[in-house]
Amino acid sequence: MATRGAIHGDGAERSPELLHFRAFEAIYRLGSLTAAAEHLGLSQPALSKSLALLRRYYGDDLFIRGKQGMRPTARARLLAPPIADMLRIADGELRAQAGFDPASSKRVFRISCSEVGAVHFMPRLVARAAMLAPGLRFDVVPLLSQQTESLLANGEVDLALGAYVDFGTRVQSQALYEVSYVCLVREGHPRIADSMDLAAFCREQHVVASLRDSMHAYSRVEQTIIDVAGSAAITLRVHSLLIAPYVVAESDHIFTATRHVAQRVAVIPGLRIVDCPLPLPPIVVRQYWHSSQATDPAIAWLRSQIESLFLGDLRT
């Protein structure tokens, strides 16, 4: 066990600084000295020095190496929440003071959205950035709704895009547009012509994308089909909204999707769009950010670009 008392040459005990707490947060979150060093852009010896100072200051090992990586001690688990809060406040204030110059920035924005969301949002956003902020980079990561609030809160994600239920009072959002549902069927479907009523819909076989995410707006589609047609009507479940259209193009299945999705994939040969008879309300697509990042000028700039490109959007 370390003993408290890191001493400078002048005899004064050195207190932890912001960079030391960043090292703590990265090790706590990533569970690895190597991964934490890479995340912070430090050498591993430099990171180890920061951890050694914290261990002496708090008189505790803080992290113990085990089979699952660097595991936090009980003291570290107590320290983690206030350190995370301090870093969020510090980062918000520092970024607000520094401002943001998109023309010269080299920042990497991490955006969380679904595969379909990336197909819809990223081409135009990247094109806009190429004109206004050519040094920016983007990382698109999967949207896991159960983790979205914490990912936004700790800065692992700058912005989330999608149609989800309320993430809580600390996550702010802006509605961008509404989009309704339609059905995709194949050209030459033997029983479906230019339109389809609910009775005809219920007689057919359906493919759905089971996203395993009860907070995603699309999850209501599967349940509504079961409610009106019975569970036997769903004869195929796939894990992605982008797989189902290929099945429909070569079968007599029906795929219910938002109009944006349908218009994107209708370029696949053999597909056509018909109105959806299901009693499904339109979904509202939003951008989400954490209240602690509300004053970050870089994220505010990103939000403004997305608003400019997609507010009231009806294009594909």
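Modelled this way, with points 7 Å down the Cα-to-C-beta line, the labels at residue 115 and residue 174 are 2.9 nm from one another.
Taking the chain as a Gaussian network of alpha-carbon nodes connected by springs under 10 Å, the highest mean-square fluctuation of the residues 186, 71, 264 belongs to 71.
Cβ-Cβ distance of residue 268 and residue 154, R₀ of 41 Å, FRET efficiency by 1/(1 + (r/R0)^6): the value works out to about 0.55. Given the rule -39500 (n - 2.57) for each run of at least 4 DSSP H residues, summed and divided by the residues of the chain, what is its mean residue ellipticity at 222 nm, to the nearest 500 deg cm²/dmol? So the helix-based figure for the chain works out to -13000 deg cm²/dmol. As a length-normalised measure over Cα pairs under 8 Å and 6 or more apart, the relative contact order of the chain settles at 20 percent.
Normalised by residue count, region 30-189 yields a Cα convex hull volume of 203 Å³ per residue. Here the Gaussian network model covers the chain, with springs between Cα atoms less than 10 Å apart; of 60, 252, 194, 194 fluctuates the most. The GNM of the chain, with springs linking C-alpha atoms under 10 angstrom apart, assigns the highest mean-square fluctuation among 306, 64, 225 to 64.
Computed from these coordinates, which is volume of the Cα convex hull per residue in Å³: [x] 147; [y] 137; [z] 169? Looking at volume of the Cα convex hull per residue in Å³ for this model, the match is [z]. FRET efficiency for the pair residue 198 and residue 250, taken as 1/(1 + (r/R0)^6) with r the Cβ-Cβ distance and R0 = 25 Å, rounds to 0.50. Counting only protein heavy atoms and a 1.4 Å probe, the chain has 50 square angstrom of accessible area per residue.
Split the accessible area of the chain by element, probe 1.4 Å, and carbon with sulfur accounts for 53%.
The separation of region 113-162 from region 255-316, counted between C-alpha centres, amounts to 13 Å.
The slack in the chain from residue 144 to residue 29, taken as 0.36 nm per residue of separation less the alpha-carbon distance, amounts to 39.7 nm. Can you list residues whose amide H is under 5 Å from residue 278's amide H, if they're 5+ apart or on another chain and H is modeled 1.01 Å from N? Long-range HN contacts for residue 278: none found. Across region 113-202, the relative contact order, built from alpha-carbon pairs under 8 Å that are at least six residues apart, equals 27 percent.
A cut-off of 5 Å between modelled amide H atoms, ignoring neighbours fewer than 5 places along the same chain, links residue 71 with 64, 65, 66.
The values are calculated or read from the model by the stated rules, or taken from the named source; none is laboratory data. The structure displayed is predicted, hence computed values, not measured ones. Every residue, glycine among them, receives a Cβ derived from its backbone with ideal geometry; neighbour counts consider all protein chains shown. Surface areas here come from the heavy atoms of the whole protein model, side chains and all, with no ligands, DNA or RNA. Shrake-Rupley method; radii C 1.70, N 1.55, O 1.52, S 1.80 Å.
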